[in-house]
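J.: Take a look at this one; I'll ask things after.
Here, each number is a calculation from the coordinates, and none is a lab measurement. Keep in mind it's a predicted model, so treat the numbers as computed, not measured. Every residue, glycine among them, receives a Cβ derived from its backbone with ideal geometry; neighbour counts consider all protein chains shown.
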Amino acid sequence: MAEIQEYRGVSGTNFFLSDQPLLSWLKNRKTSKDAIERLTAFGELCGGTLNGLIETAQRDDKLPTLQSYDRWGKRIDLIRYCPEQLEARRLVLESGVLPPTPLWERLIKAYLVNQNGEGGVTCPLAMTDGLAQLLEAHGTPEQKRRWLPLVRDPKTPTPLTGGQFVTERQGGSVVSENETTAVQAKDGTWRLTGLKWFCSNPGELWVTTAKPQGANTVGLFLVPRRLPDGTLNDCHILRLKDLCGTRGKATAEVEYKGAYAELIGRPSHGLAILMNVVIKTSRVHVVAGSLGMMRRAHVEAGLYARSRKIMGRPAGELPEVKVSLARIESLWRGSQFAFFEMIRSLEEEDPVSEVLVPLLKIGVSKAASEAVREAQMVFAGNGILRDFSILPRLSQDALIQEIWEGTHAVLASHVEKALRRQDSRKAFEALLGSERSRLDGLEGLALCQAAFEGLTRALAAAGGRQAQMI
Ligand SMILES: Cc1cc2nc3c(=O)[nH]c(=O)nc-3n(C[C@H](O)[C@H](O)[C@H](O)COP(=O)(O)OP(=O)(O)OC[C@H]3O[C@@H](n4cnc5c(N)ncnc54)[C@H](O)[C@@H]3O)c2cc1C
């Protein structure tokens, strides 16, 4: 029987090979041997080297710092990351996490790596994925030639270098209220003026929103940190935010002071492209990430309950602890079925994805916070100690996942909008099966809560049957 002194959590294990439902799902999809080998290697990396690098990089004395000026008083706006942070990002970037790696594989990798928490890696990963897709889908041939190699380059000063700066001081939920302005220069490029309030991962290239002068619509722009001659662009990092979670990646306030920018897509299409490519990608990464955090909480709580003795018996044998463990497992399992369904719907361009992406952004991120909290209750006092387990860090990261890329209220309005479209509603009701009557008469967050619970129950029942056939 394991002893509490021996508890080390899942460090050093393969996060992929130990995930039975994931293995079954991949088997059902007839996943190629090559892909399974890639995921096996990635699972090994996540549970081993990355686990260690990320843990070290999150220590208080290792967090990113900002140096605004050099010794001659010249503005340099340099963010310094510790070597472990940069190495973790490089290893992830070199593991095939950006397109053309297919979406399903990118999301499974995001799920696996998030089992180490956000770790200063997975927010940059989501944003760089969105940026690569944006360039592929809407960049000019010249923009693709110039920027895609930079986005994919593991040797840039900050690997996974993409940023997405939309939120302003006056609010993040309503993008059309952005006050940053864009003025077109004679050569066709643009100059931006304004302040962005939450700028995570200010790397080498970011996508941002601004209103072209005289217009009331929001355009989408690329802003490189450096101009072609190597000098700094006119966008200054004012300060780094003092965050309670996701602390390994820097989040800054950035001021554009006539910053060089390139338009991406048509000015009047900015908001639509932002939502359909950039924000949508980030939201699916939030689903994958929250699920990963939930799984880590589940596995850690199970291991701890086996080694902690209460009155001479493993804590996991106490009925109350059993209930906690079962609750965490059911949150994780249900969310995982829903995650797999979301991937399928995106791959097949099934209209149900319009409901599933915002619904799961709400449901899975909330479930992650609940699962991590429940796991902390299993650990009790030790669940609060930052040097005992990953749980305190996960609890902060899980909370942030609920907020960024849209709060629950904002996402609920997207779910409602999607359900007003007949094709999406019909497809969603088919997934819910007999649960659908529970949705009648509900609105907003109540509707989303009921829909998420019904969905995970219906999918778990179907998935359970499927699993027996394997
Ligand atoms: C750690 C961290 C990193 C971040 N990084 C980035 C980044 O890199 N780039 C970026 O652009 N942003 C970033 N954000 C900002 C994030 O996306 C916003 O916080 C989020 O979109 C919500 O905006 P807000 O905080 O301004 O809330 P507000 O918009 O001020 O919302 C306040 C309240 O009003 C509610 N509300 C708002 N609108 C509606 C509505 N229409 N219906 C009902 N209720 C509503 C909200 O739910 C919330 O409860 C980051 C945030 C965090 C915490």
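J.: If each residue's Cβ is checked for other Cβ atoms within 10 Å, how do D129, D387, D70, D19 rank with the fewest at the top?
T.: The fewest-first ordering by Cβ neighbours comes to D387, D70, D19, D129.
J.: Where a ≥ b ≥ c are the square roots of the eigenvalues of the C-alpha gyration tensor, would you call region 203-246 rounded, which needs a/c under 1.5, or, failing that, prolate if a/b is larger than b/c, or oblate?
T.: oblate
J.: Calculate log10 I(q)/I(0) of region 127-272 for q = 0.17 Å⁻¹, where I(q) comes from the Debye formula with a single equal point scatterer on each Cα and nothing for solvent.
T.: Evaluating at q = 0.17 Å⁻¹ gives log10 I(q)/I(0) of -0.94.
J.: Turning to a different aspect of this structure: Using the scaling law 2.2 N^0.38 Å as the reference, what is the normalised Cα Rg of region 297-451?
T.: After normalising by residue count via 2.2 N^0.38 Å, the value is 1.21.
J.: Given the Cα-Cα distance of T217 and K33 and 0.36 nm per residue of separation, how much length would full extension add, in nm?
T.: Residue separation times 0.36 nm, minus the Cα-Cα distance, leaves 61.4 nm.
J.: Before rounding to the nearest 500, sum -39500 (n - 2.57) across all DSSP H runs of length at least 4 in the chain and divide by the residue total; then give [θ] at 222 nm in deg cm²/dmol.
T.: Value at 222 nm, helices only, nearest 500: -16000 deg cm²/dmol.
J.: Can you divide the C-alpha Rg of region 253-339 by 2.2 N^0.38 Å and report the result to two decimal places?
T.: For region 253-339, the normalised Cα radius of gyration is 1.87.
J.: Moving on. Hey, rough spin-label estimate for I4 and D187, points 7 angstrom out along Cα→Cβ, what's it come to in nanometres?
T.: Calculated label separation equals 6.6 nm.
J.: Rg and Dmax of the chain, using alpha carbons, in Å: what are they?
T.: Considering the chain through its Cα atoms, Rg and Dmax are 22.4, 79 Å.
J.: Another question, if that's okay. Return the Cα extents of region 3-122 along principal axes one, two and three, sorted largest first, each rounded to a whole Å.
T.: Cα extents, longest axis first: 61, 46, 15 Å.
J.: Checking the a/c ratio against 1.5 first, then a/b against b/c, what shape does the Cα gyration tensor give for region 114-171?
T.: Oblate shape, in that a/c is at least 1.5 and b/c is the bigger or equal ratio.
J.: What is the order of M342, M311, fewest Cβ neighbours within 10 Å to most?
T.: Starting with the residue having the fewest Cβ neighbours, the order is M311, M342.
J.: Starting from the Cα-Cα distance between L238 and K426, subtract it from 0.36 nm times their residue separation and give me the gain in nm to one decimal.
T.: 62.8 nm
J.: Something else now. Label points 7 Å out from Cα along the Cβ direction at D60 and E136: separation in nm?
T.: Calculated label separation equals 4.3 nm.
J.: Now for a separate question. Based on the Cβ-Cβ distance from S18 to K144, what FRET efficiency comes out when R0 is 51 Å, to the nearest 0.05?
T.: So, using R0 = 51 Å, E works out to roughly 0.85.
J.: Between A41 and R75, what is the FRET efficiency for a Förster distance of 51 Å, r being their Cβ-Cβ separation, to the nearest 0.05?
T.: Working from the Cβ atoms, E equals 0.75.
J.: If I model a spin label at E320 and K257 as a point 7 Å from the Cα along the Cα→Cβ vector, what separation in nanometres do I get?
T.: Result: 5.9 nm between the two label points.
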